[in-house]
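The values are calculated or read from the model by the stated rules, or taken from the named source; none is laboratory data. These numbers come from a predicted model, not from an experiment. Please note: Cβ atoms are built from the backbone with ideal geometry, for glycine as well, and neighbour counts cover all protein chains shown. With ligands, DNA and RNA removed, areas are computed over all heavy atoms of the protein, side chains included. Shrake-Rupley method; radii C 1.70, N 1.55, O 1.52, S 1.80 Å.
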Amino acid sequence: MEKRRITTYIIIWFIIILIWFLFCYGKLEEAYYSYSSVGSLTVTKETEETQIQENTMEKAKADEIKTEETYKRENNTENTAKDNTENVTETESEETMTRNTMLPAKTDSNIRVLLLNDQGNVYHDEIILEHRKETLHITESSPYFQKTDKIRISKMSSFEEGIKVLSINKMYGNPVYEGVLEIQKEEEGLILVNELSLETYVKGVLPGEMSAGFPMEALKAQAVCARTYAMMKKAEPAYPNYNAIVDDSISSQVYMYQERSEKTDRAVEETKSELLYGSDRQLEECYYYSTSCGKSATCHVWDIDAISKKDKTGSEEVEKEFRAFISNTIDSHLEKNEPFYRWTYETKAASDDLYDKCMERNLCDKNYGKIKDIKIICRENGGAAECMEMVCEKGSFQILGEYNIRFVLSQGGNVILKNGKTYDTGELLPSSFLTISCKHNKKGYLTGYEIIGGGFGHGIGMSQNGAKYMAQAGNNYIEILQTYYKGSYVK
């Protein structure tokens, strides 16, 4: 009897110990997948706390909008700033109006940047991180994703250098990121997002968007533009599915494309938190580009719907005047000595080549037969080509938008620059400030064309080389910004 009782006690204690062991193992397993220290890096899964912080940021944004409405009520004074007749058309698109009525979050808030792979794709097959000579290799099959589809990786100490991503290569090598790296697992691959402070983000943008060799006042103007652009995008994030405002490519602003420098960092620090506002007290649309041809465009050159409603009968007089302008150097222009100020392009591309480019972007609904002529039939007020007509043997069709025009007309080969050097056209011609002269065979069909053009970029907002020359002439960054964004002010 006594022996049976002892055996029973032993079994009970064994069961209790086994249950306790299983409980502890479960807790340890949960802790491992929710919090893991890998050398000097901390890996955590997304928690409710993270979601609470995101909700708090959204609430803060709503509170700021209310604050702006109160400000307008308390300061109900007439806006006396002059209209910028050169850069503003009579009406704004609904999209632009919506963006301009949104007040952005404070500049001390974080920004989330989607990091693309080396092929410009959002999905990564693997992500390899390095910190203090230790590496962390993450794939879709990594154990971190057994309990969650999203992990966040940060440094153990905020005083140490950032996290190097060995699986991404920039012009200077593997980039080093500050803040937090968030990795999300999806069926197509891994999504990588860098969450960091806005000021640190701008420091990563500036050397990629403007050469550190530019004068300090030009760099400061660019810093304000880059910061304002990022805040502007908070109202309409580029990747809402990942809660990311921008990516790190030319589609947004290039980020960590070039290595940071002491000079560009100083330009950001000396303009800390400063943003550019328009005469309506809303954030200025801070677009910028490389080189001006002496004329500028507005955002409406991108508005396909607005362009399609315009009168596109064309004007021989307008084309004649623009050809005379773009074919000559004008001494009063700031960038008259820049290589891209004027350029020419010649190609033997025929109908099939042009149709291939059009079909690639679904710019025509069918094949209208051999192309006989190409005409610019609508220009933006500043001269940028907005609409191009392809005249064919079985009808005609139109190409709308400056990017589409630059894409279709770029048929490979080189652009000849003002200084005689060449530039590979790539996907796009340097700008849409251009005129076309077509070549034909004896039957009247297109065999090629010559283009005279000027400038590099879309021509909207600040010319970076123009800012350089203004700074060299003694203008400060506020004067530079107010030159390119009429009626604006820095705050």
In this structure, does T347 turn out to be modelled with pLDDT of 95 or more and hydroxyl-bearing (S, T, Y)? yes
Count - residues of segment 236-255 that are surrounded by fewer than 17 Cβ atoms within 10 Å (Cβ to Cβ), touching a residue at least 40 places away in the same chain (Cβ under 8 Å) and under 18 Å from K150 (Cα atoms): 1
Just name the residue that is most open to solvent (accessible area, probe 1.4 Å) out of those in segment 438-454 that are touching a residue at least 24 places away in the same chain (Cβ under 8 Å) and in a loop (DSSP other than H, G, I, E, B). Y445
Is one or more of the residues making up segment 273-283 among the small types (G, A, S) and over 19 Å from K220 (Cα atoms)? yes
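The rows are residues; the columns are (1) charged (D, E, K, R); (2) outside any helix (DSSP H, G or I).
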residue: G294; (1), (2): no, yes
residue: H300; (1), (2): no, no
residue: A306; (1), (2): no, no
residue: D311; (1), (2): yes, yes
residue: G314; (1), (2): no, yes
residue: V318; (1), (2): no, no
residue: F322; (1), (2): no, no
residue: D331; (1), (2): yes, yes
residue: L334; (1), (2): no, yes
Only one of E338, E285, E274, E319 is touching a strand residue (DSSP E or B) at 6+ places or on another chain (Cβ under 9 Å), within 21 Å of G208 (Cα to Cα), at pLDDT below 95 and not hydrophobic (A, V, I, L, M, F, W, C); which? E285
From T435, T425, which residue is of a type outside the set (A, V, I, L, M), more than 25 Å from the chain's Cα centre (by Cα), open to solvent by less than 30 Å² (accessible area, probe 1.4 Å) and closer than 18 Å to F456 by Cβ? T435
Restricting to segment 461-488, name every residue that is assigned to a helix (DSSP H, G or I) and open to solvent by less than 50 Å² (accessible area, probe 1.4 Å). Q464, N465, G466, A467, K468, M470, A471, Y477, I480, L481, Y484
Residues of segment 376-417 satisfying the condition of being among the basic types (K, R) and crowded, with 17+ Cβ neighbours inside 10 Å: R379, R406
Restricting the first residue to segment 165-187 and requiring it to be in contact (Cβ under 8 Å) with a residue 12 or more places away in the chain and surrounded by fewer than 20 Cβ atoms within 10 Å (Cβ to Cβ), which pairs with a second residue that is among the aliphatic types (A, V, I, L, M) and part of a loop (DSSP other than H, G, I, E, B) meet a Cβ separation below 8 Å and a spacing of at least six or different chains? K170/M256; N174/L166; N174/I168; V176/M256
Filter segment 309-356 down to residues that are free of Cβ contacts under 8 Å to residues at least 12 places away in the same chain, within 18 Å of I451 (Cβ to Cβ) and small (G, A, S), then give me how many there are. 1
Please enumerate the residues belonging to segment 407-438 that are within 23 Å of E316 (Cβ to Cβ) and of a type outside the set (A, V, I, L, M, F, W, C). S431, S432, T435, S437
Filter segment 164-189 down to the residues that are in a strand (DSSP E or B) and farther than 15 Å from V113 by Cα and list them by number. K164, K170, G173, K185, E186, G189
Restricting attention to segment 236-291, the residues that are part of a strand (DSSP E or B) and hydroxyl-bearing (S, T, Y) number exactly 5
Under 7 Å between Cβ atoms, which residue pairs at least 6 apart in sequence (or on different chains) link something in segment 375-389 that is farther than 12 Å from I405 by Cα with a partner that is polar (S, T, N, Q)? E380/T298; G382/S296
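For (1) open to solvent by less than 50 Å² (accessible area, probe 1.4 Å); (2) within 19 Å of the chain's Cα centre (by Cα); (3) under 30 Å from Y277 (Cβ atoms); (4) among the basic types (K, R), each residue gets a yes or a no:
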residue: V113; (1), (2), (3), (4): yes, yes, yes, no
residue: H124; (1), (2), (3), (4): yes, no, no, no
residue: I128; (1), (2), (3), (4): yes, no, no, no
residue: K133; (1), (2), (3), (4): no, no, no, yes
residue: T139; (1), (2), (3), (4): yes, no, no, no
residue: Y144; (1), (2), (3), (4): yes, no, no, no
residue: T148; (1), (2), (3), (4): yes, no, no, no
residue: F159; (1), (2), (3), (4): no, no, no, no
residue: G162; (1), (2), (3), (4): yes, no, no, no
